[in-house]
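See below for the structure under consideration.
The values are calculated or read from the model by the stated rules, or taken from the named source; none is laboratory data. Keep in mind that what you see is a predicted model, and the values were worked out from it rather than measured. All Cβ positions, glycine included, derive from the backbone under ideal geometry; neighbour counts span all protein chains shown. Only protein heavy atoms, including side chains, enter the accessible area calculation; ligands, DNA and RNA are left aside. Shrake-Rupley method; radii C 1.70, N 1.55, O 1.52, S 1.80 Å.
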Amino acid sequence: MRHHRECGKEKGQNKGCKIYPTMGRPRSFDLDRALDHALHVFWCKGYEGASLSELTKAMGINRPSLYAAFGDKEALFRKALDRYFEGPAAYVFEALKEPKARAALERLLRGAAELQTCPATPGCLTVHGALACGDTAGAIRKELILRREQGEAAIYQRLKLAKSENDLRLVPARRSCPLLCDGHPGMAVQASGGASRAELERVVQTALLVWPK
């Protein structure tokens, strides 16, 4: 809420200022829709590759509105990243809810293959974003690495649960989770190089063949 002052004087006598509350101007744009457009720009261009001009144009707002609603570019990217994991990448944690560990892995890898090769999505935001981050975007690179590590930790916990339920004989070492699920980050790199859905499905099949039963 904003305020404005009304000051009055009578024959040199200062009567002081009265402060009246006023309502701020309501937003003329949809926050969720604007954030979706920002996500798409970051997804296609990466963090550093996305200019403020491109972001504001895609979002249909000006820079003051962007700053007022989302903060600076870094804050906007973090909100877009949250949006990514709540939407396109939500399959990761949904897959881990499967009752059997092998089914969880298969759903995880097939979801990754679909995301990487869907014409409407530019691949994996965390992989593309990290590859496109230079020294000037160290905080964003660290954030992306943290998000991937959180995913790997969730996979490791799922494997430990499978072991406790006698669904898995051995739990791989924590550091092997990225390799165990090579189809996830690995497919992102392959897809960025032009791999087809059929090629990524073969990666999934290979991963499932070596999965311990």
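Values as computed for the structure displayed
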quantity	calculated
Odd one out for ARG175 among (1) farther than 24 Å from PRO122 by Cα; (2) open to solvent by 50 Å² or more (accessible area, probe 1.4 Å); (3) at pLDDT 80 or above; (4) not small (Gly, Ala, Ser)	(3)
Residues within region 188-213 that are in a helix (DSSP H, G or I), touching a residue at least 60 places away in the same chain (Cβ under 8 Å) and open to solvent by 60 Å² or more (accessible area, probe 1.4 Å), tallied	4
Cross-chain or 6+ apart pairs with Cβ under 8 Å, region 59-73 first and free of Cβ contacts under 8 Å to residues at least 60 places away in the same chain, then assigned to a loop (DSSP other than H, G, I, E, B) and β-branched (Val, Ile, Thr)	ALA69/ILE61
Scope region 88-127; condition without any contact (Cβ under 8 Å) to a residue 12 or more places away in the chain and not acidic (Asp, Glu); matching residues	ALA90, LYS97, PRO99, ALA103, CYS118, PRO119, ALA120
Tally, over region 116-166, of residues that are surrounded by 21 or more Cβ atoms within 10 Å (Cβ to Cβ), hydrophobic (A, V, I, L, M, F, W, C) and at pLDDT below 85	4
